[in-house]
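**Student:** What follows is a structure written as structure tokens; I'll ask about it next.
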Amino acid sequence: MCWQCDTGGTHQDYLDHVRKLIATHGWAVVGVERDRIHPPWAYTVGLTPHDRPELVMTGIEPRRATRLLNAAAEYVLQTAIPRPGETMQAGDAPVMEIVRVTDPAAHLLVATELYGKLTRALQLVHPDDRGHFPWCPGYRGGRGGQPVLGVRAASTADPRYAS
């Protein structure tokens, strides 16, 4: 369900809730449940004021994505910003490849509403259960797949994970 539906709050109440989460934890994660056509996705809100890109995952249930995004956000804030084409591992996730999100405003609505044109984003693209990425032959994504929200960079990644 959605926060507004569950609480009866307004959109402004929701934005205030997200701001409180950011003030308390440094960032928040917004999860979007799957619908009949689109797979689920989740993204961070709150990394932009630290001059870091927001992070997004598609094709993975919001609860698991939240755990993974929290681990990745902590890494990005404390260590380094991964570059498109690099790989990283966060939490209990397999190795994921970084893709620059072409149009953050189209997918990270709350982040864009709070930070506007300053919003940049990186997608953490994860392999399927057999280790194949969406651009690999034989990729088996879940229902709705895993939309890749940008163009894959020339990979600096481990060749075992290349297409």
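**Student:** Being closer than 17 Å to MET57 by Cβ, at pLDDT below 90 and basic (Lys, Arg): is that true of ARG120 here?
**Tutor:** no
**Student:** Same structure, new question: Looking at segment 97-125, which of its residues are exposed (fewer than 14 other Cβ atoms within 10 Å of the Cβ) and touching a residue at least 60 places away in the same chain (Cβ under 8 Å)?
**Tutor:** LEU118
Every residue, every condition in (1) closer than 19 Å to VAL125 by Cα; (2) surrounded by 15 or more Cβ atoms within 10 Å (Cβ to Cβ), yes or no:
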| residue | (1), (2) |
| --- | --- |
| VAL32 | yes, yes |
| ASP35 | no, no |
| TRP41 | yes, yes |
| ASP51 | no, no |
| ARG63 | yes, no |
| LEU69 | yes, yes |
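**Student:** Right, here's the next one. Six or more apart or on different chains, Cβ under 6 Å: which pairs go from a residue in segment 127-152 that's farther than 20 Å from ARG34 by Cα and modelled with pLDDT under 90 to one that's surrounded by 14 or more Cβ atoms within 10 Å (Cβ to Cβ) and of a type outside the set (Ser, Thr, Tyr)? Could you list them?
**Tutor:** Taking only residues 6 or more apart or on different chains, the pairs are GLY138/HIS132.
**Student:** Scan segment 42-56 and report the pairs whose first residue is aromatic (Phe, Trp, Tyr) and whose second residue is part of a loop (DSSP other than H, G, I, E, B), with Cβ atoms within less than 8 Å and a gap of 6+ or a chain change.
**Tutor:** TYR43/LEU108
**Student:** For segment 78-89, how many residues are within 15 Å of the chain's Cα centre (by Cα) and not in a loop (DSSP other than H, G, I, E, B)?
**Tutor:** 2
**Student:** Also, I was wondering about something else. Looking only at segment 4-23, filter to residues that are closer than 21 Å to PRO49 by Cα and either at pLDDT below 90 or β-branched (Val, Ile, Thr) (or both); which one of those is surrounded by the fewest Cβ atoms within 10 Å (Cβ to Cβ)?
**Tutor:** Residue satisfying both the conditions and the ranking: ILE22.
**Student:** Need pairs with beta-carbon distance below 6 Å; first residue surrounded by fewer than 15 Cβ atoms within 10 Å (Cβ to Cβ) and within segment 72-96, second not small (Gly, Ala, Ser); sequence gap 6+ or separate chains.
**Tutor:** Listed by first residue and then by second, the contacts come to GLN89/VAL95; GLY91/ARG67; GLY91/LEU68; PRO94/PRO127.
**Student:** Would you check if ALA157 is assigned to a helix (DSSP H, G or I), in contact with a strand residue (DSSP E or B) (Cβ under 8 Å, 6 or more places away or on another chain) and either more than 26 Å from ARG34 (Cβ to Cβ) or modelled with pLDDT under 95 (or both)?
**Tutor:** no
**Student:** Output the number of the condition that GLY131 fails; it satisfies all remaining conditions of (1) in a loop (DSSP other than H, G, I, E, B); (2) surrounded by 20 or more Cβ atoms within 10 Å (Cβ to Cβ).
**Tutor:** (2)
The values are calculated or read from the model by the stated rules, or taken from the named source; none is laboratory data. In this text, all values refer to a predicted model and were calculated from it rather than measured experimentally. Quick reminder, even Gly has a Cβ in these numbers, built from the backbone with ideal geometry, and neighbours come from all protein chains shown.
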